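S.K.: Quick one: this structure, given as structure tokens, is what I'll be asking you about.
The values are calculated or read from the model by the stated rules, or taken from the named source; none is laboratory data. What you see is a predicted model, and the numbers here were worked out from it, not measured in a lab. Note that each Cβ is placed from the backbone with ideal geometry, even for glycine, and that neighbours are counted across all protein chains shown. What goes into the accessible areas is simple: the full protein's heavy atoms, side chains included, and nothing from ligands, DNA or RNA. Shrake-Rupley method; radii C 1.70, N 1.55, O 1.52, S 1.80 Å.
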Amino acid sequence: MVGANLTVPDMEAYLVIKPTLAAVTGLLSAGRKTAAPIRYTPDRLKTELLSGLTVALALVPEAVAFAFVAGVHPLVGLYAAFIVGLITALIGGRPGMISGATGALAVVMVSLVALHGVEYLFATVVLMGILQILAGVFRLGKFIRLVPHPVMLGFVNGLAIVIFMAQLTQFKTVDTFGEIVWMSGTPLVTMLGLVAATMAIIWLMPKMTKAIPAPLAGIAIVAAIVIAFGVDVPRVGDLASIKGGLPDFHIPMVPITFETLEIIFPFALILAAIGLIESLLTLNLVGEITEQSGGASQECMAQGLANTVTGFFGGMGGCAMIGQSMINMKSGGRTRLSGISAALFLLTFILFASPLIEQIPLAALVGVMFMVVIGTFAWQSLRIMRIIPLADTLVIILVTAVTVLSDLAVAVVVGVIVSALVYAWNNARRIHAVTEILPGGEKVYKIEGPLFFGSTDGFVEQFDIKGDPTVVIVDFMNSRVVDQSALQAIEMLASKYEALGKAVQLRHLSRDCHRLLNRAGQLMIDSDDDPSYGVAVDYAVKTGIMGGGH
């Protein structure tokens with residue numbers, strides 16, 4: 001499963017840390033960017049540990065389910081959830097984030113496993129991790145800031161719908177003919193009743209006490225009822241046994257050849273991109289809740305190291321999980337301790353507590369996830385769609401739909417591209433010119449708006465080439481020369497005036513515009529006076545530099 005409620009309980013007042021915990025605080029609070037360090041009082045330690053336990057309980061069926069999706073043994077998913085969760089909790093870019101095996105990655109892995117086997121998957125996960133480490137080294141994570149807010153809204157809405165739809169599989173069963181069918185009659189009513197009871201407990205518990213995380217209370221109470229009264233409902237053990245040992249070091253058994261690289265590299269590149277996109281978007285979302293910023297490059301490196309290690313220990317790899325991270329936030333987890341404890345609790349389940357964990361009814365976990373869906377979906381986006389620009393509304397709907405129908409990475413890329421095109425179109429329509437005739441007879445065109453690939457046609461249309469005097473001054477005080485298309489447009493304009501025996505001069509170039517034009521060789525005068533606007537220099541334009549427009 002994935003997730004939890006975006007509604008976050010009020011953070012406890014920061015207390016003075018006890019001297020005996022001072023050394024631990026520095027390690028577990030590392031990576032916080034803007035918020036004050038949280039002090040590890042006994043109450044805080046209890047909250048973090050209980051939050052980690054809640055997350056671990058919800059991780060089990062999710063890891064098993066995603067392992068089935070990828071076509072591998074359930075322990076491959078559980079080991080990935082443990083290793084990726086532990087390493088990213090220790091050194092990730094945002095305390096409180098939870099990582100593990102995810103469905104977004106599993107759907108890509110399934111074809112690789114089907115065609116080449118699980119050993120190639122392990123090799124791919126190692127290469128995926130290396131690519132993510134390189135992304136962190138070259139600080140590519142900062143580009144996540146280019147994701148517009150409408151794309152973020154579409155992302156959380158789409159993911160909420162995906163989480164909801166994933167839970168519906170728990171309402172299916174196998175009939176007497178061995179076919180998977182929807183539940184009906186008493187089993188369905190019982191399942192729905194337990195789901196509703198879990199949701200009610202999660203909703204009511206914070207109103208009564210915050211001593212125990214509400215999701216944990218919901219799971220514990222419903223599980224106790226089911227076990228005590230022997231209620232016949234699907235349980236975690238019905239998915240698969242989670243019992244196992246410690247993960248063993250294992251070098252992927254694949255030929256070390258160029259042919260192997262040709263097979264695994266495309267998969268590794270796609271998985272690395274999906275993993276980082278989902279992780280960095282979750283980083284931003286958790287950052288809004290915890291009032292932190294930064295850490296993108298650190299998160300890239302943490303995800304990369306985690307996946308590299310996972311590949312050598314028989315895990316399927318993973319990334320940040322928005323659902324589990326929201327469960328952690330809802331349960332009060334705010335530091336690295338919650339993520340670390342979640343990973344260690346999960347390992348404990350695998351090694352020692354599998355018989356008990358396998359008795360937990362799936363209905364309780366479905367109820368937790370339904371509350372996650374309610375809290376994750378950006379309900380305010382439905383209200384603001386009536387007042388924001390139509391293009392932003394379409395982007396929200398588009399990203400939501402693509403997330404549900406395809407996958408997260410495609411949805412985010414599509415959303416960013418559409419947003420960029422809308423931005424370019426809007427800026428292209430803004431360019432215009434105000435004209436002025438100087439006492440000496442020169443005509444000045446004062447350009448308003450950026451000159452770039454989208455606005456070049458509008459730029460040229462501002463000029464009356466045949467009717468203008470012999471000297472034309474183009475004033476860029478309120479404009480910017482942005483790209484090669486802009487250079488081409490300036491040269492084309494100068495060539496048309498030149499053909500009629502007229503001269504074009506450029507005035508009030510900003511420093512970056514001056515540098516761009518001068519490097520292209522289009523300026524007749526090399527002066528730095530104009531960029532600082534100390535002296536208004538008029539630059540003549542060289543033609544023929546850009547090759548005649550082709």
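S.K.: Tell me whether segment 386-428 comes out rounded, prolate or oblate; compute the Cα gyration tensor, take square roots of the eigenvalues as a ≥ b ≥ c, and use a/c under 1.5 as the rounded threshold.
M.R.: On the way: a/c = 4.16, a/b = 1.51, b/c = 2.76.
Here segment 386-428 falls in the oblate category.
S.K.: As an exercise, identify the chymotrypsin sites (Phe, Trp or Tyr not before Pro) in segment 328-397 lying in DSSP coil whose Cβ has no more than 13 other Cβ atoms within 10 Å.
M.R.: On the way: sites: PHE345, PHE349, PHE352, PHE370, PHE377, TRP379; in loops: PHE377, TRP379.
Hits after loop and neighbour filter: TRP379.
S.K.: Please work out the C-alpha center-to-center distance from segment 357-378 to segment 388-427 and express it in whole Å.
M.R.: Between the Cα centres of segment 357-378 and segment 388-427 lies a distance of 29 Å.
S.K.: Further question on the same structure: Do the sum for the chain: with -39,500 (n - 2.57) for every DSSP H run of n ≥ 4, divided by all residues, what is the mean residue ellipticity at 222 nm, to the nearest 500 deg cm²/dmol? Write down the numbers at each step before the final one.
M.R.: Numbers: 21 runs with 315 residues, N = 550.
The helix-only estimate for the chain comes to -18500 deg cm²/dmol at 222 nm.
S.K.: Only Lys, Arg, Asp and Glu count, each charged at its Cβ (+1, +1, -1, -1), so figure out the dipole size of the chain about its Cα centre, rounded to 20 debye. Kindly include the intermediate steps, with their values, before the conclusion.
M.R.: Details: 33 positive and 37 negative charges, 266 e Å.
Here the size comes out at about 1280 debye.
S.K.: Filter the chymotrypsin sites (Phe, Trp or Tyr not before Pro) in segment 218-318 down to the DSSP loop ones having no more than 14 other Cβ atoms within 10 Å, then list what survives.
M.R.: Values: sites: PHE229, PHE249, PHE258, PHE267, PHE312, PHE313; in loops: PHE249, PHE312, PHE313.
The qualifying sites are PHE249.
S.K.: Under 16 Å from the Cα of LYS466, which aspartates and glutamates turn up, not counting those fewer than eight places away in the same chain?
M.R.: By straight Cα distance, LYS466 reaches GLU442, GLU498.
S.K.: Once fully extended, how much extra length lies between ILE437 and ILE221, figured as 0.36 nm per residue of separation less the alpha-carbon to alpha-carbon distance? Write down the numbers at each step before the final one.
M.R.: Working: separation 216, 0.36 × 216 = 77.76 nm, distance 8.30 nm.
Additional length available on full extension: 69.5 nm.
S.K.: Describe numerically, in nm with one decimal, the distance between label points set 7 Å from Cα along Cα→Cβ at THR470 and at GLU262.
M.R.: Taking the simple label geometry, THR470 and GLU262 are separated by 6.8 nm.
S.K.: With respect to the cross-link table entries LYS142/LYS496; LYS172/LYS207; LYS207/LYS243; LYS46/LYS142; LYS142/LYS330; LYS142/LYS210, which display a Cα-Cα separation exceeding 32 Å?
M.R.: On the way: LYS142/LYS496 43 Å; LYS172/LYS207 34 Å; LYS207/LYS243 37 Å; LYS46/LYS142 35 Å; LYS142/LYS330 27 Å; LYS142/LYS210 37 Å.
The pairs that break the limit, which is 32 Å between Cα atoms, are LYS142/LYS496; LYS172/LYS207; LYS207/LYS243; LYS46/LYS142; LYS142/LYS210.
S.K.: Something else: May I ask for the angle, rounded to the nearest 10°, between helix 390-405 and the longest principal axis of the chain, with both axes built from Cα atoms and the value confined to 0 to 90°?
M.R.: Orientation of helix 390-405: about 40 degrees from the principal axis.
S.K.: So, one more: Among rounded, prolate and oblate, which fits segment 201-261 when a ≥ b ≥ c are the square roots of the eigenvalues of its C-alpha gyration tensor, a/c under 1.5 means rounded, and a/b larger than b/c means prolate?
M.R.: Judged from the Cα gyration tensor, segment 201-261 comes out prolate (a/c at least 1.5, a/b above b/c).
S.K.: Pairing the Cα long axis of helix 214-229 with the longest principal axis of the chain, what angle in degrees results, from 0 to 90 and rounded to the nearest 10?
M.R.: Roughly 30 degrees between the two axes.
S.K.: Roll a 1.4 Å probe over the protein chains and send me the accessible area per residue for the chain in Å². Let's see the in-between values first.
M.R.: Working: 23980 Å² over 550 residues.
That works out to 44 Å² per residue.
S.K.: Here's a follow-up. Which whole-number percent is the relative contact order of segment 87-220 (Cα, under 8 Å, 6+ apart)? Show your work: numbers first, answer last.
M.R.: Numbers: 44 pairs, mean separation 11.2, N = 134.
It comes to 8 percent, rounded to a whole number.
S.K.: Using the Cβ atoms and a cut-off under 15 Å, what net charge is assigned to the surroundings of THR310, where Lys and Arg are +1 and Asp and Glu are -1? Let's see the in-between values first.
M.R.: Numbers: positive: none; negative: GLU119, ASP248.
Local charge sum for THR310: -2.
S.K.: Calculate the spin-label point distance for GLN484 paired with ASP512, positioning each point 7 Å from the Cα along the beta-carbon direction, and give it in nanometres.
M.R.: Result for the modelled spin labels: 1.9 nm.
S.K.: Which net charge results for the neighbourhood of MET321, defined as the other residues with beta-carbon distances under 14 angstrom from its beta-carbon, given Lys and Arg at +1 and Asp and Glu at -1?
M.R.: Overall, the nearby charge balance is -1.
S.K.: Efficiency by 1/(1 + (r/R0)^6): what FRET value for GLN359 and GLU119, r their Cβ-Cβ distance, R0 = 60 Å, to the nearest 0.05? Display every interim value, and only then the final one.
M.R.: Working: r = 34 Å, r/R0 = 0.57.
Approximately 0.95, to the nearest 0.05.
S.K.: Ignoring ligands, DNA and RNA, what percent of the 1.4 Å accessible area of segment 188-258 is carbon and sulfur? Please list the in-between numbers first.
M.R.: Details: 2970 of 4040 Å².
So the carbon and sulfur contribution to the accessible surface is 73 percent.
S.K.: In segment 112-194, what chymotrypsin sites (Phe, Trp or Tyr not before Pro) fall in a loop by DSSP, with at most 14 other Cβ atoms inside 10 Å?
M.R.: Working: sites: TYR120, PHE122, PHE138, PHE143, PHE155, PHE164, PHE171, PHE177, TRP182; in loops: PHE138, PHE177.
Taking segment 112-194 and a limit of 14 other Cβ atoms within 10 Å, the loop chymotrypsin sites (Phe, Trp or Tyr not before Pro) found are PHE138, PHE177.
S.K.: What accessible area, in Å² to the nearest ten, does a 1.4 Å probe give for ILE387?
M.R.: Accessible surface of ILE387 is approximately 120 Å².
S.K.: Still on this model: Round to a whole angstrom and tell me the spacing of the C-alpha centers of segment 433-480 and segment 108-147.
M.R.: 50 Å
S.K.: If one computes P(r) from the Cα atoms of the chain, what percent of pairs lie at distances over 44 Å?
M.R.: Numbers: 48856 of 150975 pairs.
Value for the chain: 32 percent of Cα pairs lie more than 44 Å apart.
S.K.: R0 = 30 Å: FRET efficiency of LEU390 with ARG145, Cβ-based, nearest 0.05?
M.R.: My answer for the efficiency is 0.80.
S.K.: Now a separate question. Could you tell me which of rounded, prolate or oblate describes segment 242-347, using a ≥ b ≥ c as the square roots of the eigenvalues of the alpha-carbon gyration tensor, with rounded for a/c under 1.5 and, failing that, prolate when a/b is larger than b/c and oblate otherwise? Could the numbers behind the result be given before it?
M.R.: Working: a/c = 2.88, a/b = 1.50, b/c = 1.92.
The shape class here is oblate.
S.K.: Okay, next question. Using a Förster radius of 30 Å, what is the FRET efficiency between LEU45 and MET208 based on their Cβ-Cβ separation? Nearest 0.05, please. Don't jump to the answer; show the numbers that get you there.
M.R.: On the way: r = 22 Å, r/R0 = 0.74.
Taking R0 as 30 Å, the efficiency between LEU45 and MET208 is 0.85.
S.K.: Compute the acute angle (0 to 90°) between the alpha-carbon long axis of helix 185-208 and the principal axis of greatest extent of the alpha-carbon atoms of the chain; round to the nearest 10°.
M.R.: 70 degrees
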